[in-house]
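Shown next, in C-alpha cells, is the structure this report addresses.
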Amino acid sequence: MSSNITLYSWTTPNGIKASITLEELGLPYKIEPIDISTNIQKEDWFLKINPNGRIPALTDGSQRVFESGSIMLYLADKYDTERKISYAPGTPEYIEQLSWVMFQMGGLGPMQGQANHFRLFAGVRSDYGIKRYTDETKRLYSVLDSRLKESPYLAGSKYTIADIANYSWVRSGPGALEIDLSEFPALKKWADEIGQRAAVQKGADVPHTGRTDADRAEFFKSARARIDGMDNSDKH
Ligand SMILES: N[C@@H](CCC(=O)N[C@@H](CS)C(=O)NCC(=O)O)C(=O)O
C-alpha cells in the first residue's frame, strides 16, 4: 500500500509512540523535527495540522492526524494489514488493545507528564505536586505490572501498539522521576525486552538529535537539583 507520510515530532514520550509505530511497520516517512522548546508547535501553520499545538502530528497525503493514540490507531487500521503489531477490529483482543491504549492516553501519559512537570520543569517547588503525581504514576505502573503478571503483553499474547504506547512513557520513569522499576518486576522484564527491539531503538531516536543517554541523565539530574534548591511553595 502506498503512503505519503510526514511525521511532525520530537524525542518525547508522546512523540516516539508515533515513530516507533512507523518503524515497526516498516513504513517510509518524512520527519519534520519540531523542537518544542522553541514553540514552533504554536505557530499558525502547525495549528492547521494539530489545532492543539502539540506533537506528535502526522499527515498522510491530505489527511491530518493528531493525538498520539489516534496516530497509532490510524497507522494500525490502515497499514497493519498483516497484523504485525495490532489485533483486527471486531476481535476481543482489539478491545483489550484499545483499552490499554486509552489507559495510557487518559491515565499514564497525563499523570506522568504532571509528575515530570513538578519534578523537573516547574517555576516553583511543590512537594505536594511532586508526591501526588509521582505516587499516581507508580500506582499506574502497579496496574501495568499486575496485567503483565498474567499476560506477556498488554493486549494478549502479541506485542501491539498498546505496548508501544505504555512503554514510551515507562522507559523514562527511572531517569526522570527516579522510579525504581525493580519494584515492578513484570513491568521491568517487559520494558527490558521491548527496549531491545531494533524498531524501538530506531523510533526512540527520531528525530536524531545526537543526545546520548548520558546527556539525558545529566539533564534530568540538573533539572531535579534546580527544583530541590527552591523553597517549598506549599508552605506559603
Ligand atoms: N495527548 C497528546 C499530548 C501531546 C503532548 O503533550 N505533547 C508534548 C510533548 S510529549 C508537547 O507537544 N509539548 C509541547 C507543548 O505543550 O507546547 C498526545 O498524546 O499526542
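Which condition number does Ile95 fail, the rest of (1) within 16 Å of the ligand (Cβ to nearest atom); (2) part of a helix (DSSP H, G or I); (3) of a type in the set (A, V, I, L, M, F, W, C) being met?
(1)
Only one of these conditions is not met by Arg211: (1) under 24 Å from Phe103 (Cα atoms); (2) open to solvent by 80 Å² or more (accessible area, probe 1.4 Å); (3) in a loop (DSSP other than H, G, I, E, B). Which number is it?
(1) is the only condition that Arg211 fails.
If Leu98 passes every condition in (1) under 16 Å from the mean Cα position of the chain (by Cα); (2) in the same structural domain as Gly26 (by TED's automatic domain parsing) but one, which one does it miss?
(2)
Only one of (1) surrounded by fewer than 23 Cβ atoms within 10 Å (Cβ to Cβ); (2) within 12 Å of the chain's Cα centre (by Cα) fails for Tyr153. Which number is that?
Among (1) surrounded by fewer than 23 Cβ atoms within 10 Å (Cβ to Cβ); (2) within 12 Å of the chain's Cα centre (by Cα), Tyr153 violates only (2).
Go through region 41-58 and give me each residue that's in contact with a strand residue (DSSP E or B) (Cβ under 9 Å, 6 or more places away or on another chain) and under 19 Å from Pro207 (Cβ atoms). Steps first, answer last, please.
Of region 41-58, the ones in contact with a strand residue (DSSP E or B) (Cβ under 9 Å, 6 or more places away or on another chain) are 41, 46, 48-52, 54-58.
Passing the criteria: Gln41, Phe46, Ile49, Asn50, Arg54, Ile55, Pro56, Ala57, Leu58.
Could you grab the pairs with beta carbons closer than 6 Å, sequence gap of 6+ or different chains, first residue in region 109-122 and surrounded by 15 or more Cβ atoms within 10 Å (Cβ to Cβ), second one not in a helix (DSSP H, G or I)?
What qualifies is Phe118/Ser126.
Does any residue of region 171-192 turn out to be of a type in the set (Val, Ile, Thr) and open to solvent by 50 Å² or more (accessible area, probe 1.4 Å)? Steps first, please.
The initial filter retains those residues of region 171-192 that are of a type in the set (Val, Ile, Thr), namely 179.
Still in the running and open to solvent by 50 Å² or more (accessible area, probe 1.4 Å): none.
Within region 171-192, not a single residue is of a type in the set (Val, Ile, Thr) and open to solvent by 50 Å² or more (accessible area, probe 1.4 Å).
Would you point out the residue of region 24-74, among those that are of a type in the set (Asp, Glu) and crowded, with 19+ Cβ neighbours inside 10 Å, that is nearest to the ligand (Cβ to nearest atom)? Break it down into steps so the answer makes sense when it comes.
Within region 24-74, the first condition is being of a type in the set (Asp, Glu), and the residues that meet it are 24, 32, 35, 43-44, 60, 67.
With crowded, with 19+ Cβ neighbours inside 10 Å added as a condition, the list becomes 24, 60.
Values: Glu24: 18, Asp60: 16 Å.
This residue is Asp60.
The values are calculated or read from the model by the stated rules, or taken from the named source; none is laboratory data. These figures come from a predicted structure and were not determined experimentally. As a convention, Cβ positions derive from the backbone with ideal geometry for all residues, glycine included, and neighbour counts pool all protein chains shown. For the accessible areas, the whole protein counts, side chains as well, though only heavy atoms, and no ligand, DNA or RNA atoms are used. Shrake-Rupley method; radii C 1.70, N 1.55, O 1.52, S 1.80 Å.
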